[in-house]
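The next block holds one structure in the form of structure tokens; read it before the comments.
The values are calculated or read from the model by the stated rules, or taken from the named source; none is laboratory data. Just so you know, these numbers come straight off a predicted model, no measurement behind them. Because the Cβ atoms are built from the backbone with ideal geometry, glycine has one as well, and the counts that use them run over all protein chains shown.
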2 protein chains.
Amino acid sequence: MRIALDAMGGDCGPELIIEGALSALRGNKDFEIILLGPSDFLSQQLATLGMNDDVARRLHIEHAPETITMHETPVDAVRRKKNSTIMVGFELVKAERADAVVSAGNSGATMASAIKKLGRLKGVSRPGIASLFPTLKNPVMIMDLGANVDCRPQHLLQFAIMASSCISKILKLDRPRVGLLSIGEEAGKGNTLVKEAHELLSASKLNFFGNVEGRDVYQGNVDVIVCDGFVGNVSLKVSEGLAEAAMQMLRSEIEKSLRAKLGYLLIRHAFNNFRKRVDYAEYGGAPLLGINGAGIVSHGKSNSVAIKNAIVIAANMVRNKVNESIIQALEEQTV
Amino acid sequence: MRIALDAMGGDCGPELIIEGALSALRGNKDFEIILLGPSDFLSQQLATLGMNDDVARRLHIEHAPETITMHETPVDAVRRKKNSTIMVGFELVKAERADAVVSAGNSGATMASAIKKLGRLKGVSRPGIASLFPTLKNPVMIMDLGANVDCRPQHLLQFAIMASSCISKILKLDRPRVGLLSIGEEAGKGNTLVKEAHELLSASKLNFFGNVEGRDVYQGNVDVIVCDGFVGNVSLKVSEGLAEAAMQMLRSEIEKSLRAKLGYLLIRHAFNNFRKRVDYAEYGGAPLLGINGAGIVSHGKSNSVAIKNAIVIAANMVRNKVNESIIQALEEQTV
């Protein structure tokens, strides 16, 4: 198995991405990694790093001289930059020289590039972005996180089927419970989209739990939560923003007294464990579901741990044939 | 000025609500409070409490034998329970025997009741729920928080005008900055509703800042954020849920070691200050904007501090003639 890794994407810089790649190779023997980026530059980078023969043998470079930045418009960028890391990556998948692409770069462009090069899976009308989130119990997979801002009820049903197949394979869950994000638990609560999606989900073969509210997201009572990409993206970013603001406020309160500063020294270890428990880096990356291949987008602020975990998720998806499971579930649904 | 207070609404029980009323009366000399609920029951409750003559003179009871529970459907409940605390409260406002209603009960029923008894302000197509939220800088007013789940762009423009008028009056802000909640800062980002609302807001007389993302909500770079009620409600509840889950996870990490428990004792004061800073109770209640009168809904889990602050906000709205300011701003907009 070969995972193509965008060495130039994201805000973290190629050094951390390569560090993540080496760490993934050291921990896993069943795949190889192809670094995507300007080959001279990447060769120079690798020359400065120590690595054992086994890792060196499984690390390759594919020349991709262009990079799509975070602020470029996805469709335009994909059309103009045919030699960008992302486009070259999905070209490798198309040519069967790689099995998956991982990128911490522009997620819209990664999705556009995947659709352009690989197309959609049979039966899928709208591919989307799914991701695992920490909860008080097991992680929950939320879909869509921003690829589809205006959805029809049928799209939400498909997100539910795709995310359900994916989490069932990668976390070995039998019949994952699916929740529909709304503003009240009762079936009649929500906007028009959600009310109609509720009917489709109730009539489906999925293990449909019913509506869940925003406050249930982090409770872990369901395995999958579906919503349109606008609501999903806002929820994700509100959560990130709240966590950041809360840490900042807490820090400023602690810095007001010596007593609290001493207390912080004693409590720091518990704090770090807590942070690790909720850190997106631990959850790796967000699979693009519904494309005819495997693609993972990582957070733009990914560190090497996040990159490593994204690579591991990509390998897990390929190994467990998530796409075959999605195609089958979609077929069963329409029978 | 007289504020009618639903003594039976919410999950906290009448004792805490009455405590909040007494605290509001002690701290403010320019209004009276009318408690809404079964008169015998309320008289008994008051008889057990010590209060000075000044407070006793400004505390009244209005008999309202019925209560609308949290799980009743607003429109049905309002039709069936004509003698409910909420309906009696808005009847008092209609009869000019009270100036505002505060309730920690069913917020949908409070809105339905306000519209039924008082109607909409001139020029308003959809009244909505607004509320102040803590940020790293000044509080931000978000509207709508759940009254309107399917919106047109024109509604979002009106929410912006109403929230802008309200925050400008109650926090004495000159030309509040208005942000539109979306999934990217650029004007072209968002769903169809948001893209169209962006054009209306850009062309308006408001101090329009542009799109803001979920992660900006708690930064405090704008004074008002507008969104449809579905997105607003999900964002609010995701925030509450994340805060609760995070505290629970942090607590369980702290309890794993004696060292961390000791640290917590030292840090507790800073923690409590932080909690107070982000506690919804400090922000009191959420004004219903666009109704021809004043109504405030409080969180169902309100404590006496939240009730007191909701009463103070209600008085502030009446004193500062927020509704007159809204009517004027709507008229200027359409000129």
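Being more than 7 Å from chain A (Cβ to nearest Cβ) and either within 20 Å of the chain's Cα centre (by Cα) or among the hydrophobic types (A, V, I, L, M, F, W, C) (or both) is a description that applies to B:Leu289. When residues in segment B:89-114 are screened for being part of a helix (DSSP H, G or I), aliphatic (A, V, I, L, M) and either surrounded by fewer than 24 Cβ atoms within 10 Å (Cβ to Cβ) or without any contact (Cβ under 8 Å) to a residue 60 or more places away in the chain (or both), 4 of them pass. Before we move on, is B:Arg251 within 13 Å of chain A (Cβ to nearest Cβ) and either without any contact (Cβ under 8 Å) to a residue 60 or more places away in the chain or of a type outside the set (D, E, K, R) (or both)? Judged against the criteria, B:Arg251 is a match.
Please specify each residue of segment B:117-168 satisfying the condition of being surrounded by fewer than 20 Cβ atoms within 10 Å (Cβ to Cβ) and part of a helix (DSSP H, G or I). B:Pro153, B:Gln154, listed by residue number.
Does A:Lys256 qualify as being among the basic types (Lys, Arg) and more than 10 Å from every other protein chain (Cβ to nearest Cβ)? Judged against the criteria, A:Lys256 is not a match.
The conditions of being out of contact with any Leu (no Cβ under 7 Å at 6 or more places or on another chain), touching a residue at least 24 places away in the same chain (Cβ under 8 Å), aromatic (Phe, Trp, Tyr) and more than 8 Å from chain B (Cβ to nearest Cβ) are met by A:Phe209. Checked against (1) over 30 Å from A:Gly89 (Cβ atoms); (2) modelled with pLDDT under 95, A:Gly210 meets all criteria but (2).
A:Tyr264 meets the conditions (1) at the interface with another protein chain (Cβ under 8 Å from one of its Cβ atoms); (2) hydroxyl-bearing (Ser, Thr, Tyr); (3) under 30 Å from A:Gly179 (Cβ atoms); (4) surrounded by fewer than 24 Cβ atoms within 10 Å (Cβ to Cβ) in every case but one. The failed one is (3). Please verify whether segment B:246-269 includes one or more residues that are within 30 Å of B:Ala24 (Cα to Cα), modelled with pLDDT under 95 and more than 27 Å from the chain's Cα centre (by Cα). Among the residues of segment B:246-269, at least one is within 30 Å of B:Ala24 (Cα to Cα), modelled with pLDDT under 95 and more than 27 Å from the chain's Cα centre (by Cα), which makes the answer yes. Taken over segment A:221-236, the residue count meeting the criterion of being β-branched (Val, Ile, Thr) and within 7 Å of chain B (Cβ to nearest Cβ) is 2. Taking segment B:180-204 as the range and being assigned to a loop (DSSP other than H, G, I, E, B) and either farther than 20 Å from B:Arg152 by Cβ or free of Cβ contacts under 8 Å to residues at least 24 places away in the same chain (or both) as the test, the residues that pass are B:Gly184, B:Glu185, B:Glu186, B:Gly188, B:Lys189, B:Gly190, B:Asn191. Every test in (1) more than 7 Å from chain B (Cβ to nearest Cβ); (2) crowded, with 24+ Cβ neighbours inside 10 Å; (3) not in a strand (DSSP E or B) is passed by A:Ser239 save one, and that test is (1). Would you be able to say whether some residue in segment B:274-281 is away from chain A (no Cβ under 14 Å), within 17 Å of the chain's Cα centre (by Cα) and surrounded by 21 or more Cβ atoms within 10 Å (Cβ to Cβ)? Within segment B:274-281, one or more residues are away from chain A (no Cβ under 14 Å), within 17 Å of the chain's Cα centre (by Cα) and surrounded by 21 or more Cβ atoms within 10 Å (Cβ to Cβ). Among the candidates A:Thr85, A:Thr73, A:Thr110, the residue that is hydroxyl-bearing (Ser, Thr, Tyr) and farther than 29 Å from A:Asp30 by Cα is uniquely A:Thr73.
Scanning segment A:265-321 for residues that are over 13 Å from A:Leu132 (Cβ atoms), touching a strand residue (DSSP E or B) at 6+ places or on another chain (Cβ under 9 Å) and part of a loop (DSSP other than H, G, I, E, B) yields A:Gly290, A:Asn292, A:Gly293, A:Ser302. Only residues that are more than 15 Å from A:Glu213 (Cα to Cα), of a type in the set (Lys, Arg) and within 14 Å of chain B (Cβ to nearest Cβ) were counted across segment A:146-192, and they come to 1. Residue count for segment A:252-261, restricted to those that are surrounded by 15 or more Cβ atoms within 10 Å (Cβ to Cβ) and in a helix (DSSP H, G or I): 4.
This table checks each residue for (1) over 19 Å from the mean Cα position of the chain (by Cα); (2) under 27 Å from B:Ala114 (Cα atoms); (3) more than 7 Å from chain A (Cβ to nearest Cβ); (4) surrounded by 22 or more Cβ atoms within 10 Å (Cβ to Cβ).
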| position | (1), (2), (3), (4) |
| --- | --- |
| B:Leu201 | yes, no, yes, yes |
| B:Ser204 | yes, no, yes, no |
| B:Gly214 | yes, no, no, yes |
| B:Gly285 | no, yes, yes, yes |
